[in-house]
Structures are given as C-alpha cells and as structure tokens.
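Enquirer: Sharing a structure here in structure tokens format.
The values are calculated or read from the model by the stated rules, or taken from the named source; none is laboratory data. Keep in mind it's a predicted model, so treat the numbers as computed, not measured. In this analysis, Cβ positions are derived from the backbone assuming ideal geometry, glycine residues included, and neighbour counts consider all displayed protein chains. What goes into the accessible areas is simple: the full protein's heavy atoms, side chains included, and nothing from ligands, DNA or RNA. Shrake-Rupley method; radii C 1.70, N 1.55, O 1.52, S 1.80 Å.
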Amino acid sequence: MFTKAAVLTALTAAAFAVAAPAQAEPVATTALPTANMEAVLKAAQIDPRRADDTQTPGAHDSVLLVEQALQAKGLLASTYVDGYFGTTTITAYSQYQKSLGYTGIDASGLPGKTSLEKLGEGRYTVTSPVSAGSRVTYHGVTLNTRTKAMLVAAEGIFGSSVSLTQGSYNPGGVDASAGTHDGGGAMDISVSSLSSASRTTLLKALRKVGFAAWLRTPAQGFAYHIHAMAISDPDLSSGAQHQTGDYYLGMNGLAGRGADDGPSVPKVTWEEYQRG
C-alpha cells in the first residue's frame, strides 16, 4: 500500500518528466574551404609572367576560390576562373581592391591579407597569411619589418652587415629602378667594398632567405650594386612583382628578360626559409 508521501513524490517526478523540453538536434555545419595566401601570392607573381597558361604548382585550388569570388562580384568572366592567376585575374583583383577604397600599391592586384579575407567572406577562410609589417628604418633607409628580418638573416649568413643605397616605399626615387622601389620589399646594396667572390657569397645569402637578388653592372647600364626584392611581399609594386615572377622563371629581372646571371640557389620565400 502506497503512503501519501510516496504518491506525491511519484506525481512530482512525472510532472518534471513531462515538463522537460526535448533536446534539439545538433545543426550540421559545413566548414568553408581554405585559400592559402602563400600559394595565392606566389601565383600572382609568377603566372602573369609566363608565356603560356601553366599554373603555379600547389596554387590551383586556392587561386580558384579567389577567382570564383571575383566572378561572383561581377569582376571576372567565367572563362578566366581556372586556377591561373594571369593578367586578367590581376586586373580583376585590382578592381576589387579599388572598390574597397585602396589606391596605389594597395590596389596593384597583388592580394593582401585584409582584401583576401573580405573577398572570401562566406566563401572561404584564409590560411598561411603573409604580412609586410610596419615601416621601419634600417641602415638609413626605409624597409618594412618582414624585409628587415630577411636582411638581418642574410647578413647573419654572410657574416657581415651591408650598406644600403636605396630602400622601399621610395616613389620616384631612382629613375633606373623603373618603379620597383615604389612599394615594399625593395632594396639596393652597395658592393663597392666587396670582392667578386664576396659579392657572390652575399647574393647566395640573400637568395637563400627569400630575395630575388641580382648583381647590377655597368654593362647593364648601372653602377655596380645588388638589387634585391623580397619575394611575396604583399606591398610589392607592379614592377617589383614582375621581377620576382621573372626570378622564379629563371630570368635576370631586367626589361629584356634575359637569363638569370646570379648564383644557383633553391628559390624559396621567407616563410618557406623559416620553416626549413
């Protein structure tokens, strides 16, 4: 026989059971694809300089995501949505940058982290971001923090500091530079006190850490110096972007696009060098 207390306890428990809300089924979420910024930057430098439509290895999927996003904004025809970051895609990306209010080197068509993320909202996420960093003074010229870190590493390999005659963000600086110093990642190094062997050793050190670097000579129309561009610097001017692309394609970075006349060193970016 149930006591009064037992009946009340049972009724209370039943009431709570009825009142308890049903647990909602978890909503399945689909992760967005990823666009690798390192790969996109590399393709944006190399692909426009190719004589054909060969794609930069490892960049297809990331470039395709960027091109699909540009197409969705009406900036790129479907014909060019192919994973090849050629001149048409550069132009489309530049138009997108300008739509965000960017001008000058910030609208060169070379993707930066902020514009790449804005373009990908709801479509992809950005991985392996690359930043030029802030502007600093080093050896008496203006560089950005990424370029300075690269040069410090190269000086460590070379075993001595260097003398810079021209840095970055120097629009209209030296006419013979053809605008390559207008943006970031650019510098000229004095070699007047270096032997031929030391010049080659310095070039190897610069290339090892991620510079496209060449010895410029009087025969080419220059006073002797080393001209160096930081590969994949997001602030590269258009001219510098072309030079880094030509470096990857085995050229000397000059208007005539002759064969590379520098020491043979594996071509890497600063980020790849840091990873070993």
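Enquirer: Rounded to the nearest 0.05, what FRET efficiency do residue 224 and residue 160 give with R0 = 25 Å and r taken as the Cβ-Cβ distance? Could you check?
Expert: That gives a FRET efficiency of 0.90.
Enquirer: So between residue 51 and residue 95, what do we pick up on full extension, going 0.36 nm a residue minus the alpha carbon distance?
Expert: Length gained between residue 51 and residue 95: 13.5 nm.
Enquirer: How do 197-207, 61-71 rank on mean C-beta neighbours within 10 Å, highest first?
Expert: My ranking of the peptides, most packed first, is 61-71, 197-207.
Enquirer: Using unit Cβ charges (K, R positive; D, E negative) and no other charged atoms, how large, in debye to the nearest 20, is the dipole of region 34-77 about its Cα centre?
Expert: The dipole magnitude comes to about 140 debye.
Enquirer: Helix 87-99 sits at what angle to the longest principal axis of the chain, using alpha carbons and giving 0 to 90 degrees rounded to 10?
Expert: 60 degrees
Enquirer: Provide the per residue accessible area, probe 1.4 Å, for the chain, rounded to a whole number of square angstrom.
Expert: Solvent-accessible surface per residue comes out at 49 Å².
Enquirer: While we're looking at this one, here's another question. Against the longest principal axis of the chain, how steep is helix 196-209, in degrees 0 to 90 to the nearest 10, with axes from Cα atoms?
Expert: Taking Cα atoms only, the helix is inclined about 10 degrees.
Enquirer: Let me ask something else. If you build a Gaussian network model of the chain, linking Cα atoms that sit under 10 Å apart, which residue out of 45, 220, 241 swings the most?
Expert: Answer for the Gaussian network model of the chain: 220.
Enquirer: Would you please calculate the Kirkwood hydrodynamic radius of region 187-261 over all C-alpha pairs and express it in Å, rounded to one decimal?
Expert: 12.6 Å
Enquirer: By how many nm would the segment from residue 68 to residue 123 grow when fully extended, if each residue of separation counts as 0.36 nm and the alpha-carbon distance is taken off?
Expert: Contour length minus the Cα-Cα distance gives 18.9 nm.
Enquirer: Ordered by residue, what ³J(HN,Hα) values in Hz, to whole numbers, does region 113-123 give under the Karplus form 6.51 cos²θ - 1.76 cosθ + 1.60, where θ = phi - 60° and Gly and Pro are x?
Expert: Computed from phi, the couplings for region 113-123 are 4, 5, 5, 5, 5, 4, 4, x, 4, x, 10 Hz.
Enquirer: Then there's this: Where does the chain land at 222 nm, in deg cm²/dmol rounded to the nearest 500, when only DSSP H runs of n ≥ 4 count, each adding -39500 (n - 2.57), divided by all residues?
Expert: Using -39500 (n - 2.57) per qualifying helix, the result is -11500 deg cm²/dmol.
Enquirer: Find the eigenvalues of the gyration tensor of the Cα atoms of region 135-275, then list the square roots of 5 times those eigenvalues as equivalent ellipsoid semi-axes, largest first, in whole angstrom.
Expert: After scaling each eigenvalue by five and taking roots: 18, 18, 16 Å.
Enquirer: When the accessible area of the chain is computed with all protein chains present and a 1.4 Å probe, what percentage of it is carbon and sulfur?
Expert: Here carbon and sulfur together make up 55 percent of the probe-accessible area.
Enquirer: Computed over the Cα atoms of the chain, what is the convex hull's projected area averaged over all directions, in nm²?
Expert: Its Cα hull, projected and averaged over all orientations, spans 23.6 nm².
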